[in-house]
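Peer 1: Handing you a structure now.
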Amino acid sequence: MNGLGKDGNGIDYTFNCYFKYRELGTQNWNIATPKVVKNSTGSYYIDVLGLSPDTVYEFQAVVECPAGIYYADNTLTFITLKAPVTIQTNDATNVSYTSATLNGEVVSLGDYENLMCYFNWRQKNTENWSTTSPAVEMSGLGVFDYALSGLDSGKTYEFRAVGQYSSEYFYGDIKEFTTSGTALPIVETEPATNVRKDSATLNGELVSLGDYTSADCFFQYRVRGQTDWVETSPKETKTSPGTFSKSITGLTRRYVYEYRAVAETTGGRVYGSIKSFEAETWIFDHWEGDVTGSENPKTITMSRSKNVRAVFIREP
């Protein structure tokens, strides 16, 4: 407010200062209250509550005094923020020696249609956050999670759920978990043997029990390209390092199967590398060259250089 007026007795006017406002494009004005009483020049403001989110408003300054009502020469506009998203960080689960499952939840989408959700995580008392990938698109309320691996044993980690819409970020509270300080077993997957058109023998080795006294060993297998694993049973309980194997049947000819060895303890599961085989077998059929027939094995007398070729065919 610039400049003051005086009444007929030379006394400065008292001014009631306020604003009128409305949603842009509508007809009726609202009055922002309470009015600010001023008897000197200077700025004023009034907090306005109850506005609609993500909406454009226009407003104009107004001053009342005994001489009349005066309006600012211009109106200005502003846009309210969208109703905020509520992201919640839930407790970590499946915490083991080197891994944990991070959990989060979209409690409210506010005025947003969808969010890309993920997690920030770091070892406690470190500065930089790491980010899980890929993000999960959430178009409604619900939970999301991420299986985090490759952690150090016996360490405390911090994490928080994150929701992102374009360049806007929404964060849940920071939570903590501590990985187990107990060494897990080490298991390796060995090549499959006795591979036939409908069966095979899976092989593995328990290299170390870690800090455990026993481990249940078994295998997981699936057709290449599928998501879900099939687990062999019964599990073999081993109390010392060593090899283990399991014959599987009911395979489909010429399908490629993936498999891996698994060792399970109260501290969780550890996995060997994924190997593969084709459910197909080549079998000996006959000899060609200087040796004929289908006798196998065949004893040859080497009285001179000979050309011997073994012919194999697919198992019928």
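Peer 1: So how many Å³ per residue does the convex hull of the Cα atoms of segment 86-178 work out to? Write down the numbers at each step before the final one.
Peer 2: Details: hull volume 7.8 nm³, N = 93.
In segment 86-178, the Cα convex hull volume per residue is 84 Å³.
Peer 1: Enumerate the calculated ³J(HN,Hα) couplings along segment 169-184 in order (Karplus 6.51 cos²θ - 1.76 cosθ + 1.60, θ = phi - 60°), each rounded to whole Hz, writing x wherever the residue is Gly or Pro.
Peer 2: Couplings: 10, 10, 10, x, 5, 7, 10, 10, 8, 10, 5, 5, x, 9, 6, 7 Hz.
Peer 1: Another one. Going by average Cβ neighbours within 10 Å, how do the peptides 93-105, 187-199 rank, with the highest at the top?
Peer 2: The most tightly packed comes first, giving 93-105, 187-199.
Peer 1: Next up: Please give the net charge around Asp173, taking every other residue with its beta carbon less than 13 angstrom from that of Asp173, where Lys and Arg add +1 and Asp and Glu add -1.
Peer 2: Taking every other residue near Asp173 into account, the sum is -2.
Peer 1: I've got another one for you. For Arg22, which sequence-distant residues (separation of 5 or more, or a different chain) have an amide H within less than 5 Å of its own amide H, given hydrogens modelled in the peptide plane?
Peer 2: Asn30, Glu58
Peer 1: Dividing the convex hull volume of the Cα atoms of the chain by its residue count, what figure in Å³ per residue is obtained?
Peer 2: Here the figure is 275 Å³ per residue.
Peer 1: While we're looking at this one, here's another question. Counting Lys and Arg as +1 and Asp and Glu as -1, what is the net charge of the other residues whose Cβ lies under 12 Å from the Cβ of Gly250?
Peer 2: Charge balance near Gly250 sits at +2.
Peer 1: Something else: Applying a 10 Å radius around every beta-carbon, put 56-69, 254-267 in order of their mean neighbour count, most first.
Peer 2: With the highest mean Cβ count within 10 Å placed first, the list reads 254-267, 56-69.
Peer 1: Still on this structure, please answer the following. Tell me, what ³J(HN,Hα) does each residue in segment 261-272 have, in order and in whole Hz, if you take phi through Karplus 6.51 cos²θ - 1.76 cosθ + 1.60 with θ = phi - 60° and put x for Gly and Pro?
Peer 2: Result, ordered by residue: 7, 9, 10, 10, 9, 5, x, x, 10, 10, 10, x Hz.
Peer 1: Still on this structure: Calculate, in whole percent, how much of the Cα-Cα pair population of segment 186-278 lies beyond 21 Å.
Peer 2: Tail fraction, whole percent: 27.
Peer 1: Another one. May I ask for the net charge around Leu202, where only other residues with Cβ less than 10 Å from the Cβ of Leu202 are counted and Lys, Arg are +1 while Asp, Glu are -1?
Peer 2: Working: positive: Lys246, Arg260, Lys275; negative: Glu190.
Summing Lys and Arg as +1 and Asp and Glu as -1 gives +2.
Peer 1: Still on this structure: Could you pull out the pairs from Lys238/Lys275; Lys197/Lys246; Lys246/Lys275; Lys155/Lys235; Lys235/Lys275; Lys155/Lys238 whose alpha carbons sit more than 24 Å apart here?
Peer 2: The pairs that break the limit, which is 24 Å between Cα atoms, are Lys155/Lys235; Lys155/Lys238.
Peer 1: Checking the cross-link filter: which lysines have an alpha carbon closer than 19 Å to that of Lys298, excluding same-chain neighbours under 8 positions apart?
Peer 2: Qualifying lysines at Cα under 19 Å: Lys306.
Peer 1: Under a 10 Å cutoff between Cα atoms, tell me which one of Asn90, Asn114, Asn16 has the largest fluctuation in the Gaussian network model of the chain.
Peer 2: Most flexible of the set in this elastic network: Asn16.
Peer 1: Apply the Karplus curve 6.51 cos²θ - 1.76 cosθ + 1.60, θ = phi - 60°, to the phi angles in segment 48-57 and return the couplings in whole Hz, x for Gly and Pro.
Peer 2: Result, rounded to whole Hz: 10, 10, x, 7, 7, x, 6, 9, 8, 10.
We did not get these values from a lab; they are worked out from the coordinates using the rules stated. For clarity, every value in this text was computed on a predicted model and none was experimentally measured. When we count neighbours, we look across all protein chains shown, and the Cβ atoms used for this are built from the backbone with ideal geometry, even at glycine.
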